[in-house]
Amino acid sequence: MTATPLSFLPGVHAPPVSDVAALLEAAQAIGARVARVDLSAVADKAGLLDALAAALDFPGWFGRNWDALADCLGDLSWVDAAQVVVLLEHAETLRGAAPDDYATLLEICAEAADALAGEGRVLAVFTVPSGH
């Protein structure tokens, strides 16, 4: 019997706070690209898009709008890893300050994860509250 390599499930997830360290360890062990996005000071769409662009090293053509975010997350061709794990840290800050933007972000992440899964790649996004 051949062992199946560890893989993250594509999509948007909310891990228990106690599991964040184990999640990071597992991601690093399998060579996944880990992007930690600190949302503690993000209160709007512009700040969110800037934080994501920095954490994921988006290309220069990233247009800092929802369509461009969907294009980048659904592509990730510049990332040299089959699995990309994104931690949206302090997610409740953005959810409280800009709930519509937060909902749009999660929708785009879920759609991008589905698109990449069809190509055999994994985008796993985790919403991580403060205190992890």
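One table, with the values for the structure above:
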quantity: Mean separation of Cα contacts under 8 Å, 6 or more apart, over the residue count of the chain: relative contact order %; calculated: 40
quantity: Cα radius of gyration and Dmax for the range 81-132 (Å); calculated: 12.2, 35
quantity: Cα centroid separation - the range 11-43 against the range 64-127, whole Å; calculated: 13
quantity: Tail weight of P(r) past 22 Å, computed on alpha-carbon pairs of the range 11-128, percent; calculated: 27
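Bear in mind these aren't lab numbers, they're just calculated from the coordinates by the rules spelled out. These numbers come from a predicted model, not from an experiment.
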